[in-house]
Amino acid sequence: MATEQTRGLGRILIAPAVIALFVWMIVPLVMTIYFSTLDYNLLNPGSESFVGLENYFYFLTDPAFLASLQNTLVLVGSVLAITVVVGTLVALLLDQAVIGRSIVRLMVIAPFFVMPTVSALVWKNLLMHPVSGLFAWIATSLGLRPIDWFAEAPLLAIILIVAWQWLPFATLILLTALQSLDEEQKEAAEMDGARAFSTFFHITLQHLARPITVVILIETIFLQTVFAEIYVTTGGGPGLQTTNIAFLIYSQALIQFDVGTASAGGLVAVVLANIVAFFLVRIVGRNLEA
Amino acid sequence: MGRITLEGVRKSFASHLIIQGADLDIEDGSFVVFVGPSGCGKTTLLRLIAGLEDVSDGRILIDGANVVGVPPSKRGLSMVFQSYALYPHMSVRGNIAFGLKMAGLPKSEIDRKVEAAAATLNLTPYLDRKPRELSGGQRQRVAIGRAIVREPKAFLFDEPLSNLDAALRVQMRLEVTRLQRQLATTAVYVTHDQVEAMTMADRIVVLNAGRIEQYGSPLELYERPANVFVAGFIGSPRMNFIGNESAKRYGAATIGVRPEHIKASRDGEGWEGVVTDAEHLGSDTFLHVDIAGIGNLTARSIGEIGLSAGDRAHLLPDPAHIHRFDADGKALHA
Ligand SMILES: Nc1ncnc2c1ncn2[C@@H]1O[C@H](COP(=O)(O)OP(=O)(O)O)[C@@H](O)[C@H]1O
Ligand SMILES: [Mg+2]
């Protein structure tokens, strides 16, 4: 895209795609905005009426909103921390020349291919079940009292499941980055008298700054919308303990059949996502600059 | 202090013997160049000295102490890599200071040393830049700065100039030798370029397929090459080798004459042949002459001698500069 001509041509060529994407995005957005100003309940269809910003007021003052906002932030933050830290360690491990490395790599990546509903069910019934789960069996074998995960630490249970699902993604990106680290840089550090930890801290970790940023940005986008794992395991409970914004909107729309409030909630979620993205890009985004 | 001694050093990767028994004594303060064709094991030998590879057999002594098994960071050597291997996220200052920081020096002393090194290498205006904001020559200087600032026992250079353009290479060649003489620190320098080797070295190690073919001063290698390989590798254009009948008359399996020791003329004494190519450099002329029963020989004449392709020419070798080799390629001395 060096010359005026190629730039102009480029614009013309991508125009159809941009227009299609724009329509694709704008139609649902406008409809959501429209619905969010209506008193629209699925239980008495045909009786919609314009209520202005009342739905927003209702959604934002609902005590469930603050609770689910907090849950969303805790969930996103914890999963990010776990996947980045553990992902870095696993990637470092896989970067070593271990026997059967290709098989181990495949196994590490596997969770990413499992559907969220399926993995949540596996965790719920095979691993975390207080009677028949593997964790309960381990606890009992060690003479400890098994934990009833979804009753005693429901949010932690969800965090573990989601972190397990996203660990492969982080590992994969960080591993690729590690493999592109120039071996000679590490050797130069070694000649400069750096020990293993200093080399990791001053060379490897600096090299990983950019991929870690990418992992954080992408995961943040997807982790705000975690839904299946909650739906399958706790249904948002007990109480509101595992309800995040996505689940709250779902329960507004399809448990209370209140489309208007759900639409308002959806728009609030869009605004929140943008606020998070704004701060995130401010904090970590400078790593992406060349 | 920086005397490096190699005793029967061998190195194999898997089942391939890459270094087949190197014995070498590098004196303190000397500039030693490893030269040889690509893939002959120069880098491997240098990395063995640095400690970045483990020896398969033999001993490496630095100032008399065996360093086999000693990690690179404890050997007191510093290395300039072919790729420079600068730390991309650190400024020039950070790059040069890194080794001192790792050694735990106080900040004021680090600053003083970094600034002194930068001044020596004309890097002062660039201290706060990142490596990617520097030209190739400047990066090269940073790599050298990183090596000198730690005041090591010896510098190890792995083809440090091979990524620079020709003019800069000549300039850096002079600067590196000048710097080394000024610091009087032992230097081991790897290159595949025999001109670099001849101009920079106090002593040259010629390597071929993992063997040391000869170890000596540049002039020794030029005047008394130990074998056909060294004779052919040192000197440009390459030495002419003549087998068969003509060699037998000198009592050798092969004789060698350097192009500069062959006198070419339009009509005169010597072997007669046809000029196939003539390279006119102005200062010199390289003539490639086909001679029946001997082959294609190269002759170098000073200035312009007015012969060009297609002309007939006579070539007369200087008898005082004929090198004789036996059937195994070893030099025969009268
Ligand atoms: N880590 C390694 N594993 C296997 N073979 C290697 C390794 N390093 C170098 N070699 C082999 O050793 C030989 C010498 O390599 P090197 O020392 O890099 O040559 P040079 O620097 O003279 O060009 C080459 O044939 C190369 O393929
Ligand atoms: Mg090499």
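Points worth noting:
- A single entry from B:Ala97, B:Ala147, B:Ala154, B:Ala117 fulfils the requirement of being more than 27 Å from the chain's Cα centre (by Cα) and either under 18 Å from B:Leu77 (Cβ atoms) or within 14 Å of chain A (Cβ to nearest Cβ) (or both): B:Ala97.
- If you check A:Thr37, A:Thr61, A:Thr83 for being of a type in the set (Ser, Thr, Tyr) and modelled with pLDDT of 85 or more, only one passes: A:Thr83.
- Looking across B:Leu134, B:Leu161, one residue alone is away from every other protein chain (no Cβ under 14 Å), of a type outside the set (Ser, Thr, Tyr), within 16 Å of ligand 1 (Cβ to nearest atom) and free of Cβ contacts under 8 Å to residues at least 60 places away in the same chain. It is B:Leu161.
- Cβ pairs under 8 Å, 6+ apart, first in the range B:278-293 and on the phi > 0 side of the Ramachandran plot, second part of a strand (DSSP E or B) and at pLDDT 90 or above: none
- Scoring B:Gly232 on the criteria (1) farther than 25 Å from B:Ser83 by Cβ; (2) open to solvent by 10 Å² or more (accessible area, probe 1.4 Å) leaves a single failure, condition (2).
Condition check ((1) over 29 Å from B:Ala231 (Cα atoms); (2) within 16 Å of ligand 2 (Cβ to nearest atom); (3) hydroxyl-bearing (Ser, Thr, Tyr)) across all residues:
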{"site": "B:Ile19", "(1), (2), (3)": "no, yes, no"}
{"site": "B:Phe34", "(1), (2), (3)": "no, yes, no"}
{"site": "B:Arg47", "(1), (2), (3)": "no, yes, no"}
{"site": "B:Ala50", "(1), (2), (3)": "yes, yes, no"}
{"site": "B:Val67", "(1), (2), (3)": "yes, no, no"}
{"site": "B:Gly99", "(1), (2), (3)": "yes, no, no"}
{"site": "B:Leu105", "(1), (2), (3)": "yes, no, no"}
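- If you go through the range A:194-220 and keep only what is crowded, with 19+ Cβ neighbours inside 10 Å, in contact with a Phe, Trp or Tyr (Cβ under 9 Å, 6 or more places away or on another chain) and within 13 Å of chain B (Cβ to nearest Cβ), you end up with A:Ala194, A:His202, A:Ile203.
- Residue that is farthest from the other protein chains (Cβ to nearest Cβ), among those in the range A:225-234 that are assigned to a loop (DSSP other than H, G, I, E, B) and open to solvent by 40 Å² or more (accessible area, probe 1.4 Å): A:Phe227
- Considering B:Ile204, B:Ile242, the condition of being among the aliphatic types (A, V, I, L, M) and in contact (Cβ under 8 Å) with a residue 60 or more places away in the chain is satisfied by B:Ile204 alone.
- Residues that are open to solvent by less than 30 Å² (accessible area, probe 1.4 Å), within 7 Å of ligand 1 (Cβ to nearest atom) and under 27 Å from A:Gly193 (Cα atoms) within the range B:15-44 comprise B:Gly41, B:Lys42, B:Thr44, listed in sequence order.
The values are calculated or read from the model by the stated rules, or taken from the named source; none is laboratory data. This is a predicted model, so every value here is computed, not measured. Don't worry about glycine lacking a Cβ; one is built from the backbone with ideal geometry, like all the others, and counts go over all protein chains shown. The area values use the complete protein model at the heavy-atom level, side chains included, leaving out ligands, DNA and RNA. Shrake-Rupley method; radii C 1.70, N 1.55, O 1.52, S 1.80 Å.
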